[in-house]
Each structure stands twice: as C-alpha cells, then as structure tokens.
1. Restricting to the range A:154-211, name every residue that is small (Gly, Ala, Ser) and either part of a strand (DSSP E or B) or out of contact with any Leu (no Cβ under 7 Å at 6 or more places or on another chain) (or both).
2. Can you say whether A:Leu68 is touching a strand residue (DSSP E or B) at 6+ places or on another chain (Cβ under 7 Å), at pLDDT below 95 and within 27 Å of A:Met112 (Cβ to Cβ), as far as the supplied structure shows?
3. Kindly list the number of the only condition in (1) closer than 25 Å to A:Val169 by Cα; (2) within 14 Å of another protein chain (Cβ to nearest Cβ) that fails for A:Val273.
4. Would you pick out the residues in the range A:215-246 that are at positive phi and within 14 Å of chain B (Cβ to nearest Cβ)?
5. Scan the range A:1-27 residue by residue and report those that are of a type in the set (A, V, I, L, M, F, W, C) and either in a loop (DSSP other than H, G, I, E, B) or surrounded by 13 or more Cβ atoms within 10 Å (Cβ to Cβ) (or both).
6. I'm trying to understand the selection: among the residues of the range A:93-121, which are surrounded by 21 or more Cβ atoms within 10 Å (Cβ to Cβ) and assigned to a helix (DSSP H, G or I)?
7. Looking at (1) surrounded by 17 or more Cβ atoms within 10 Å (Cβ to Cβ); (2) more than 21 Å from the chain's Cα centre (by Cα); (3) within 14 Å of chain B (Cβ to nearest Cβ), can you tell me which one A:Phe249 breaks?
Amino acid sequence: MRRYSVFAIAREALRYHSGWERAWASPTPKASYDAIIIGAGGHGLATAYYLGKNHGITNVAVIEKGWLGGGNTGRNTTIIRSNYLQDPSAAIYEKARSLYETMSQDLNYNVMFSPRGVIMLAQTHHEVRGYLRTAHANALQGVETQFINAAKVKELVPIINIDGPRYPVLGGLWQPRGGTARHDAVAWGYARACSDMGMDIIQQCEVKGVRSEGGKVVGVETTKGYIGTKKLGIVVAGHSGQVADMAGFRLPVEAVALQALVSEPIKPCMDVVVMANTVHGYMSQSDKGEMVIGGGTDGFNNYTQRGSFHHIEETLRALVETFPMISRLKMLRQWGGIVDMTGDRSPLISKTPLGNCFINCGWGTGGFKAIPGSGWAMAELMAKGEPGPLAAAFSLDRFKEGRFIDESVAAGVAH
Amino acid sequence: MLTLQCPYCGVQADETELSPGYEAHLKRFGPGSTPEEFESYMFARKNPKGVHFERWRHAYGCGKWFLAARDTNTLEVFGTYPAQSSAPPADLIAKIKQKRPDWEGYK
C-alpha cells in the first residue's frame, strides 16, 4: 500500500494523478478463513483491523450484504462523546474517543476527527441534577467533563436561545474533547488498512445460513457459496436478529428506525455539537456548512430505513425553539437507519450459545462514537475466546442474571 | 403514515394517536420461574423482518389496548384484533398466508 502524504500528492500532481492505487481489493472468497466477520460497517471493519493489529490474526474475511459502510455507519450524525454514567459504558466509549484522536495517523487516512466539544443541555431541574451526577461520575472514571452554567452555554453557542418559552437552558454537561468525525472515512480507512494486512473484504455477499457441527460454528452459507471459518463474528446492527436466528439463538433486541436530516449549507454559525435531550433534538454543523440534525426513534419494529414524518416534525420543532435562527432553513435530505435496541439500551459484545460464534450488536442509537473501542473489545473477545476488561460487562448473560447497564435512564434519550 | 383500525371504537387511527407496545402474545413468567423463563418473557424478542404481531394502545382515542398484525419490512397492516386473544385469530392467519405464501406461520 502506498501511503498517503503531502509527498504523494506532489508526486501525483506531476503525473496527472495516474498513480493512485485502489484503496482496498475486492477479492473472491477463499474456501476458509481463521475468522469471518459478518458486516462491513464501522464496527465489523474495526473488529477485523484490531484482530490483525493487536492479535496478529490476518487470515480474515469481512463479508457484507450491501456495500462497505452503507448501513448505519453512513447514516448517523457522527457525534463522538463518552460522558456516560455507568462505569462499563464510560470505559468503552472513552477508549473509543481516545482512539479517534489518533485514528487518522494510525490508519494513514484522514477521518477528519474534529474534537470541537459536545454540550448536552440541561433544561429541567431534574436534568441539572442528573448531569451534575454524571459530571461527578465522569471525574471518577477519568472522563473529562464539566457542568457549565447557562451563561457559559451562551458563550459557547451564540445562536442558542437560553430563555426558551417552554424549557429555558439552565446549564449543560460539557465534554470539550468530544466532537465529530467523517463517518464514511472511518469505514474506508479501516477497510484500506484491513486490505493492506491481507484481509478479504467481500461486498455484495449476503449470509444465508450459519453451519455448525457439534455445537460449534464451522462456516457460513452465502450468496457467493459456502465459506468455512474457525471463528465467526456477527456485527450487523439492525439485522442482528436475522443472523442470530440463522445461528439458532434469540437476542434481547428490537429493530427500530432512527432518522436524521441535513439542512442546506450555510456559513459557519456553530462550532460545537449541541444535544437537547428534554425537547429531543441534536444538531451540529458539518464542514460543508449543513446543519446535521437528529432526533428520536420510532416506537415500533421497522426494517424500512425510513421513519415517520411526525418524528421529524417533533425534532425540528424542538430545534427551532432552541435555535430560532434556523427557522427558515430548508432541509436538503432526510434518511433513516435501522438501529438495534437492547432491553437496557447498552450494547452486547458477547459469546453466544453457539461455540466460536461471537456477537457485537445493540449499539442502538449511538454506535458511531463507539466504533474503535467496540472493534478493540470485539477483536480481543474473538482472538482469546473470552472477553477482556472492556467487553466483560456487555455479555448476553446479563439479561438472565439481572446485571443491567442501565443507560436508558442515565443518558436520557439521545445517544 | 402508519394507520391502524382500533377494533374497539372502530376509528382508523394514525400513529400520532397510538402508542406502540411491541411484541404481542408473550408468555408471562413471575416469581418462582427460572432465570431463563423470566429472560424469555422480559427480554428475548422475535424481532422478525416480516410478519409480526404487536400490541398497540389507542392512547389519544378510546384508550384501549389492542393487537395488530403488521409486516415490519413493508409496513403493510394485515389487521387488528382485541387484546383479549391468546393467539391471532384463524381468519387473520389465513389472510396473511394468502398474502405471504412463504410465511412460516404463527409460532
């Protein structure tokens, strides 16, 4: 692999850009691999990358039904933060956030990580108390956050209306090292690095069945034929239930649609990410100038990758109230993604009832921020067969044993 | 917009006046059950891509809970029926079978 650098740009500029290589290969599947990852989204590719980088396992295939990063990796609002309440969540999301800081150098691919800061607004007294508690918890967990007052919020976000009619801003939980990154680039960067290590990324290849012998997985049936494997990682987000069904077990997961939308591009007006969880909307400005907007999920099982119109209405009503200057912005695009919600709104990185088969899912509405940490923990689980410290708490058993990681209360609605 | 007919008051209600209640016909387990049984009731879900039986509440109407058969992949609604049903009615099953010949049936 030729490295990307300023010298590469100069060299190519002198020869009509004829020397750029394909970023990753598109091979035909081999007969068998040491490990197969189903799902070439951020989490799947990160798992493959850290299998190679941290554990030296490179005879790996990542198989993908659609195209690379075409699911939730390319559909989220790109927010990165780690200000969670519970210790296991703070640990894995903070690991992910810290890996994002050096990801561009690590992958030699510009993922445009922008640590611009994330504010979660406190708009009720209950929320003020909740975020004060989170700030104290984060201090103990080594996650840098602080509770700021309304004047400081206004200083950081001049376009905000802190005297709103329904829910005036009373303060906010500020994580200065949170931010955004270019979501596609995260998938592309990992794919390029995986391909460079000799891994096979096989797109347009749908898994149709999981074959097992004596309670252990031996391979997968796909639209490109049977592929054998010693270990299998299921990393398919919204469709986890379908693949788990093929592998013969059930999950504590429901698939629902989450929507996002972007406005027409405008001049720079907001250089932090703002989440308003009481009125229910969040917004940041992309490098192109579009306001990137997210809101709530629909409340029913849905695989259509589009959501209900009234949810967009609710989200925009909330944001117009919070940022009056956006009231006349036109919206350019709206889309949906299928998110996998677990019973306690925390993810699963776990062994499964089927031997040598592992699952990473349940990231719900907040998976993008976790990609590198999730891949790191999943790779360790797959390589060693047992979870490491990051993954241990996220096991499938916790629902049977009552060890919930209760972030649905702690994090409010927005992830 | 998703529209369901409330089997009690007969109103064609759109989703803004309904509250979703997720999977229907769960077998309930209480004190004295095994952890596996309790998990199956509280957390394990069918979550199918296709025909699904669900609980809904006509929250901003008559307030009653009812059940619905719906395709989660196309949002097509096959029908609704009263909450006092331990399994989907036979005529509804037949109607779904007719529209989805590949459907493996209610389990």
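The values are calculated or read from the model by the stated rules, or taken from the named source; none is laboratory data. What you see is a predicted model; the values in this text were computed from it and never measured. No Cβ is skipped: glycine too gets one built from the backbone with ideal geometry, and neighbour counts run over all protein chains shown.
1. Of everything in the range A:154-211, those that are small (Gly, Ala, Ser) and either part of a strand (DSSP E or B) or out of contact with any Leu (no Cβ under 7 Å at 6 or more places or on another chain) (or both) turn out to be A:Gly164, A:Gly171, A:Gly172, A:Gly178, A:Gly179, A:Ala181, A:Ala185, A:Ser195, A:Gly198, A:Gly209.
2. yes
3. (2)
4. A:Ala237 - this is the single residue of the range A:215-246 that is at positive phi and within 14 Å of chain B (Cβ to nearest Cβ).
5. Residues satisfying the conditions are A:Met1, A:Ala8, A:Leu14, A:Trp20, A:Ala23, A:Trp24, A:Ala25.
6. Residues satisfying the conditions are A:Tyr93, A:Glu94, A:Ala96, A:Arg97, A:Tyr100, A:Met103, A:Leu107.
7. (1)
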